[in-house]
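Everything on this sheet refers to the single structure shown next.
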Amino acid sequence: MTFGLLGEHLSHSYSPRIHSMLGNDTYTLFPTPQEKLAAFLTEGNFDGLNVTIPYKKAVLSYLAALSPRARQLGSVNTILRRSDGSLYGDNTDYDGFRYMLRGWESLIRGKKALVLGSGGASVTVVQVLQDIGAGQVIVISRSGADNYDNLDRHGDAVLLVNTTPVGMYPNNGAAPVDLTRLPALGCVADIIYNPAKTALMLQAQSLGIPAIGGLSMLVAQAKYSVDLFLGKKQKDALIEKIQRKISGEMKNIVLIGMPGCGKSMIGKRLAATLDREWIDIDAEIVKAAGKPIPEIFQQDGEAAFRRLETQCVAQAGKKSGCVISTGGGVVTRPENRDLLRQNSTVVYIWRQMTKTYREQLGLGKEKAQSRPLLIQHSPDELERQRRPLYLAWSDVKVMNIGIQETAWQLVSFLHLSPVGKKKSHKKHT
């Protein structure tokens, strides 16, 4: 049997991986331009489909029958081929979004909720909110009676749900609204799952507002679709298990810390252990500038170096599933924080400031030239300035106990799966 995902642009979809973990091993991607949609639905070789942007409404005219839920919503995300060859449409996005809001029902019940966007996903979200008892559900669109220009009149809203693609990869960093315009907000939900934390979610968290992304919805709707595809119901507990696994695979691992703490060596070893791409921000800066870091400082100044560093961090931070080693001063520009945290677990690598470490950092002409700021500042002074930032930016703090040992410590702590078997550490001590 053949199953898959129908959409227009699908190159970054996680659906095949999720479906394989749900026991649906024949799942593939069917990227289809709009002019070929009719031919695919009438002549394509498939037994079941999930449907994504922009076809959740467009497929309706090709379906012989709809589930009550799909008929109610006027939107389909799951198609089954019946024994007579006709197509049947259902909607498991409803179940996925309801799962995403689990535990929040009591906060939402009887309260005003705002839904950003008026597309197919918005219709589903509105129905779920009404069904769980939200007091008033307001759809905010660009040209409707309730729009982004008069958003302030809904300052009493307790829940905000983003169903627009604003902030979705590769356009990371954009946000559909400024949350400070909504002072009563108690929770924010964004159905985008890449990046893991959109700019909207990051602002919510900075304001102390709980925020959730769309990965749980993605996994849940896939689980309910597989139940239909394979004709057997799996336990909902599987959703959370798969979500944790996918989240770990999607997230970058970003290493921050003092110069010489081992970020590059640990990062390179960790990437090899996990079979991930390794990105060294300092190396990316050198590549972009076309000259070594000391020359950038000497010829262009530290401010120019920091601007270039932010550009490289922005590009690396958009990616998924990488290991990223940063320079020691990346924390000196506040804008770098969200660029790193949007899709990553941030790890603070530290070493005790021993006499040997100080000498490694501060002594010798060659060392000073490779780390220009150590010409002007002592290692102890730099650590006093930056340590509070490293702690504030990081999710995890790990002591460098040896390159291989620290890499394995991170693999274990982050519950990740190494490639191959664990090797002896003795030769790395």
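Laid out as a table, the results:
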{"read-out": "Matching residues, region 49-70, being in contact (Cβ under 8 Å) with a residue 60 or more places away in the chain and crowded, with 18+ Cβ neighbours inside 10 Å", "value": "ASN50, LYS56"}
{"read-out": "Residue in region 88-103 that is free of Cβ contacts under 8 Å to residues at least 24 places away in the same chain and in the same structural domain as LEU159 (by TED's automatic domain parsing) present", "value": "yes"}
{"read-out": "Residue list for region 193-207, restricted to those being of a type in the set (Ser, Thr, Tyr) and closer than 16 Å to PRO165 by Cβ", "value": "TYR193, THR198"}
{"read-out": "LYS36 part of a loop (DSSP other than H, G, I, E, B) and basic (Lys, Arg)", "value": "no"}
{"read-out": "Matching residues, region 150-176, being in contact (Cβ under 8 Å) with a residue 24 or more places away in the chain and either of a type in the set (S, T, N, Q) or on the phi > 0 side of the Ramachandran plot (or both)", "value": "ASN162, THR163, THR164, GLY167, ASN172, GLY173"}
{"read-out": "Residues within region 378-412 that are in contact with a Ser or Thr (Cβ under 8 Å, 6 or more places away or on another chain) and either assigned to a helix (DSSP H, G or I) or closer than 15 Å to ALA272 by Cβ (or both), tallied", "value": "6"}
{"read-out": "TRP393 vs. criteria under 14 Å from GLY328 (Cβ atoms) and at pLDDT 95 or above", "value": "yes"}
{"read-out": "Residue within region 167-181 that is at pLDDT 95 or above, outside any loop (DSSP other than H, G, I, E, B) and in contact with a strand residue (DSSP E or B) (Cβ under 6 Å, 6 or more places away or on another chain) present", "value": "no"}
{"read-out": "Residue match in region 16-38 (condition: aromatic (Phe, Trp, Tyr), over 21 Å from LEU230 (Cβ atoms) and modelled with pLDDT of 95 or more)", "value": "no"}
{"read-out": "LEU10 being assigned by TED's automatic domain parsing to the domain that holds LYS232, at pLDDT 95 or above and of a type outside the set (Asp, Glu)", "value": "no"}
{"read-out": "Among residues of region 160-174, those that are under 14 Å from the mean Cα position of the chain (by Cα) and among the hydroxyl-bearing types (Ser, Thr, Tyr), counted", "value": "1"}
{"read-out": "Test for MET201: is it within 25 Å of SER394 (Cβ to Cβ) and in contact (Cβ under 8 Å) with a residue 60 or more places away in the chain", "value": "no"}
{"read-out": "Scan of region 232-274 for residues that are hydroxyl-bearing (Ser, Thr, Tyr) and within 26 Å of ILE192 (Cβ to Cβ), ordered by number", "value": "SER247"}
{"read-out": "Members of region 27-37 that are more than 13 Å from SER15 (Cβ to Cβ) and surrounded by 14 or more Cβ atoms within 10 Å (Cβ to Cβ)", "value": "THR32, LEU37"}
{"read-out": "Unmet requirement for THR163, which otherwise passes all of (1) surrounded by fewer than 22 Cβ atoms within 10 Å (Cβ to Cβ); (2) at pLDDT 95 or above; (3) of a type outside the set (A, V, I, L, M)", "value": "(1)"}
{"read-out": "Candidates VAL313, VAL331 - the one that is out of contact with any His (no Cβ under 8 Å at 6 or more places or on another chain), free of Cβ contacts under 8 Å to residues at least 40 places away in the same chain and of a type in the set (A, V, I, L, M, F, W, C)", "value": "VAL313"}
{"read-out": "One residue from ASN45, ASN24 being within 14 Å of GLN221 (Cβ to Cβ) and polar (S, T, N, Q)", "value": "ASN24"}
{"read-out": "Selection from region 142-160 of residues that are of a type in the set (Ser, Thr, Tyr) and at pLDDT 95 or above", "value": "TYR148"}
{"read-out": "Any chance SER143 is touching a Gly at 6+ places or on another chain (Cβ under 8 Å), surrounded by fewer than 22 Cβ atoms within 10 Å (Cβ to Cβ) and either outside any helix (DSSP H, G or I) or in the same structural domain as SER15 (by TED's automatic domain parsing) (or both)", "value": "no"}
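Per-residue answers, yes or no, for (1) in the same structural domain as ASN171 (by TED's automatic domain parsing); (2) assigned to a helix (DSSP H, G or I); (3) surrounded by fewer than 22 Cβ atoms within 10 Å (Cβ to Cβ):
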site: LEU202; (1), (2), (3): yes, yes, yes
site: GLN205; (1), (2), (3): yes, yes, yes
site: GLY208; (1), (2), (3): yes, no, yes
site: ASP227; (1), (2), (3): no, yes, yes
site: GLN234; (1), (2), (3): no, no, yes
site: PRO259; (1), (2), (3): no, no, yes
site: LEU270; (1), (2), (3): no, yes, no
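The values are calculated or read from the model by the stated rules, or taken from the named source; none is laboratory data. On a predicted model such as this, the values are computed, not experimentally measured, just so you know. Using ideal geometry, Cβ is built from the backbone for each residue, glycine included, and neighbour counts are taken over all protein chains shown.
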